[in-house]
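Read the figures in this text as sums done on the coordinates, not as results from a lab. Predicted model only: the values in this text are computed from it and were never measured. Cβ atoms come from the backbone with ideal geometry, glycine included; neighbour counts cover every protein chain shown.
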Amino acid sequence: MDPAVHHGDPCIAGTRVPISVIVGSIADGDTMEDVMRGYPHLKREDIQAALQFAAEAVNRFDFIPLAG
């Protein structure tokens, strides 16, 4: 994360591709191959790193169930 790159949003190192874009694409049903076609400079390892980052970020949250 670099405040000078993409407003400090987490991005794949050496790119301006935000992790949220990659994770969102996978969540929307795109395959890794689809993402790599859209961002040809990314590698499979970059996408796996983005998913791992997202998993670790979610793991750090404390979830409180809604009442009801």
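Observations, loosely collected:
- The slack in the chain from Thr31 to Glu45, taken as 0.36 nm per residue of separation less the alpha-carbon distance, amounts to 3.7 nm.
- Per-residue packing, averaged as other Cβ atoms within 10 Å, sorts the ranges 36-44, 14-22 into the order 14-22, 36-44, beginning with the highest.
- Put a plus charge on the Cβ of each Lys and Arg, a minus charge on the Cβ of each Asp and Glu, and nothing anywhere else: the dipole of the stretch 6-58 about its Cα centre is then about 160 debye.
- Average silhouette area of the chain, convex hull of alpha-carbon atoms, in square nanometres: 6.0
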